[in-house]
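Read through the structure below, which is laid out as structure tokens, and then see the notes.
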Amino acid sequence: GMPALPPPVLAPRRKTRKIKVGKVEVGGDAPISVQSMCTTQTTDINSTLQQIAELTASGCDIVRVACPTQEDADALPTIARKSQIPVIADIHFQPKYVFAAIDAGCAAVRVNPGNIRKFDDQVKQIAAAAKDAGVSIRIGVNAGSLDPRLLEKYGKATAEALVESAVWEASLFEEHDFHDFKISVKHNDPVVMVKAYEMLSERGDWPLHLGVTEAGPAFQGTIKSATAFGALLSKGIGDTIRVSLSAPPVEEVKVGNQILQSLNLKPRKLEIVSCPSCGRAQVDVYKLADAVSAGLEGMTVPLRVAVMGCVVNGPGEAREADLGVASGNGKGQIFVKGEVIKTVPESQIVETLIEEAMRIADEMGEP
Ligand code: SF4
């Protein structure tokens, strides 16, 4: 048969340098990774590892933990050793915690050399220690903690200010011949953020970590992140992403993965194609779509399941999907690969779809 073509993408990836965050490659041709950050106290090792396990199970590639105190630094070796995914220590100001995180076996450290430099010229030692240990760095420029010098120059955290800060921070490592870092330039306004990343991507081949900072509660934060990341990823900009939500971090990971899947930047897994319902619907489409989503959550094979409210567009969509239902008159026509395999009463639609999905997944080799 014909070899399957890869799904289309909106633009080729911009060429960036590849770095490693532990076992995960970031930049170059590496798949775009999804990150999140623990909300637990880092000192509470068990809760942190529990949360990391949940994040891993939900499809998180890299996790960050805060390290504001010596007690947090002391917890890092155990967390780094037991985590299933690479751990990044998030550090502001204190160089000693950067060295502690490197010694602890963290895969990477988020730290801005500009901050370290104010205390002592330890950037060179950090570059050397990170290079020795194979640890990478993220320079995390953030509108909320922009250098006062740049705030004064630009009046506020504009895209230009964020980029100038990032390029300067990068130079502090580059002058010590250290290049294993990625950069983020986060702002809570998607428009400023998009402009900043676009400008930054013109200035160098640094791998870029995308984020809209303080994006807000789940609904607003999801939309802000999806629009901003969509604008950038559709131009090939972005090597790793973190959705920030005022919601449990597992939600950030789900949203991040869904954004990448929507743009064909990550293989689609379960996809529910459901209609919005309208006056023609003869079943409760919302309920049906929710029940089918819930029943199939966690499926790891790519499966398109159509849930359609009536027989107008129903059969067409259901036929295009691997599996689907077109409802009408208190019954559901169940389609598999375009064929109506049976018609069941409304009360049996969900269980029949789930049964068939499991059977297809088996055939596709779901472990
Ligand atoms: Fe309306 Fe039928 Fe289309 Fe659903 S499939 S939106 S019920 S016309």
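The values are calculated or read from the model by the stated rules, or taken from the named source; none is laboratory data. If you're wondering where the values come from, they're calculated on a predicted model, not measured in any experiment. When we count neighbours, we look across all protein chains shown, and the Cβ atoms used for this are built from the backbone with ideal geometry, even at glycine. Keep in mind that these areas ignore ligands, DNA and RNA; they rest on the heavy atoms of the full protein, side chains included. Shrake-Rupley method; radii C 1.70, N 1.55, O 1.52, S 1.80 Å.
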**Prompt:** With axes computed from alpha carbons, what is the tilt in degrees of helix 285-296 against the longest principal axis of the chain, rounded to the nearest 10 within 0 to 90?
**Reply:** 70
**Item:** MRE, 222 nm, helices only [DSSP H, n ≥ 4, -39500 (n - 2.57), over the chain, to nearest 500]
**Value:** -13000 deg cm²/dmol
**Message:** Leaving out ligands and nucleic acids, and using a 1.4 Å probe, what accessible area per residue does region 60-158 come to in Å²?
**Reply:** 43
**Sites matching trypsin sites (Lys or Arg not before Pro) across region 1-96 that sit in DSSP coil, with at most 12 neighbouring C-beta atoms within 10 Å** = K15, K23
**Request:** With a ≥ b ≥ c taken as the square roots of the eigenvalues of the C-alpha gyration tensor of region 271-367, please select rounded if a/c is under 1.5 and otherwise prolate if a/b is larger than b/c or oblate if it is not?
**Result:** prolate
**Request:** Pop a pseudo-label 7 angstrom from the Cα along the beta-carbon direction at both A294 and E351 and give the gap in nm to one decimal.
**Result:** 1.6
**Message:** Once neighbouring chains are kept in place and the probe is 1.4 Å, which whole percent of the accessible area of region 1-68 is contributed by carbon and sulfur?
**Reply:** 60
**Request:** At a Cα cut-off below 20 Å, give the lysines reachable from K269, other chains included and same-chain residues fewer than 8 away excluded.
**Result:** K254, K337
**Asked** So what's the angle, to the nearest 10 degrees on a 0 to 90 scale, between helix 123-133 and the longest Cα principal axis of the chain?
**Response** 50
**Item:** Full-extension gain in nm, K23 to F93, via 0.36 nm per residue minus C-alpha separation
**Value:** 22.5 nm
**Fill in**
Going residue by residue through region 198-212, the Karplus relation 6.51 cos²θ - 1.76 cosθ + 1.60 with θ = phi - 60° gives ³J(HN,Hα) values, rounded to whole Hz and with x marking Gly or Pro, of 4, 5, 4, 5, 7, 8, x, 9, 5, x, 10, 9, 8, x, 9
**Item:** Protein accessible area in region 98-253, 1.4 Å probe - carbon and sulfur %
**Value:** 52
**Message:** Accessible area of region 254-295 with a 1.4 Å probe: how many percent of it is carbon plus sulfur?
**Reply:** 53
**Accessible area per residue in Å² at 1.4 Å probe, computed on region 1-57** = 62
**Message:** Using a Förster radius of 45 Å, what is the FRET efficiency between W168 and E54 based on their Cβ-Cβ separation? Nearest 0.05, please.
**Reply:** 0.75
**Request:** Return one whole number: the accessible area per residue of region 304-367 in Å², for a 1.4 Å probe.
**Result:** 50
**Request:** Might you report the magnitude of the Cβ-based charge dipole of the chain about its Cα centre, with Lys and Arg at +1 and Asp and Glu at -1, to the nearest 20 debye?
**Result:** 620
**Convex hull per residue volume in Å³, alpha carbons only, for region 136-189** = 70
**Item:** Percent of beta bridges antiparallel (DSSP, the chain, rounded to nearest 5)
**Value:** 30
**Request:** Within the set of other residues whose C-beta is less than 12 Å from the C-beta of R242, count the net charge using Lys and Arg as +1 and Asp and Glu as -1.
**Result:** +1
**Request:** Could you tell me which of rounded, prolate or oblate describes region 7-116, using a ≥ b ≥ c as the square roots of the eigenvalues of the alpha-carbon gyration tensor, with rounded for a/c under 1.5 and, failing that, prolate when a/b is larger than b/c and oblate otherwise?
**Result:** oblate
**Message:** Through the Karplus equation 6.51 cos²θ - 1.76 cosθ + 1.60, θ set to phi - 60°, convert the phi angles of region 223-236 into ³J(HN,Hα) values in whole Hz; use x for Gly and Pro.
**Reply:** 6, 4, 5, 5, 5, 5, 5, x, 4, 7, 5, 6, 9, x
**Request:** Report, for region 274-367, the % of DSSP beta bridges that are antiparallel, rounded to 5.
**Result:** 70
**Prompt:** Which links in K23/K186; K23/K131; K20/K82; K131/K224 stretch past 27 Å when you go from one Cα to the other?
**Reply:** K131/K224
**Prompt:** Taking the Cβ-Cβ separation of T343 and V312 as r and a Förster radius of 22 Å, what is the calculated FRET efficiency to the nearest 0.05?
**Reply:** 0.80
**Message:** 7 Å from Cα along Cα→Cβ at both K15 and D103: what's the point-to-point distance in nm?
**Reply:** 4.1
**Request:** Please quote Rg/Rh for region 246-293 to two decimal places, taking the Kirkwood radius as Rh and restricting both calculations to Cα atoms.
**Result:** 1.09
**Request:** Would you please give the residues with an amide H less than 5 Å from that of K331, counting only those at least 5 places away or on a separate chain, with H modeled from the backbone geometry?
**Result:** E346
**Request:** Under 1.5 on a/c is rounded, so check that first for the chain, then, if it is not, pick prolate when a/b is larger than b/c and oblate when it is not; a ≥ b ≥ c are the square roots of the alpha carbon gyration tensor eigenvalues.
**Result:** prolate
**Item:** Residues whose placed amide H lies under 5 Å from that of V325, excluding near-sequence neighbours
**Value:** A306, V307, M308, F335
**Message:** Charges on Cβ only, +1 for Lys and Arg, -1 for Asp and Glu, centred on the Cα centroid of the chain; of T352, A218, V250, which one is farthest towards the dipole's positive end?
**Reply:** A218
**Other-chain or far-sequence residues with amide H under 5 Å of N142's (modelled H)** = K186
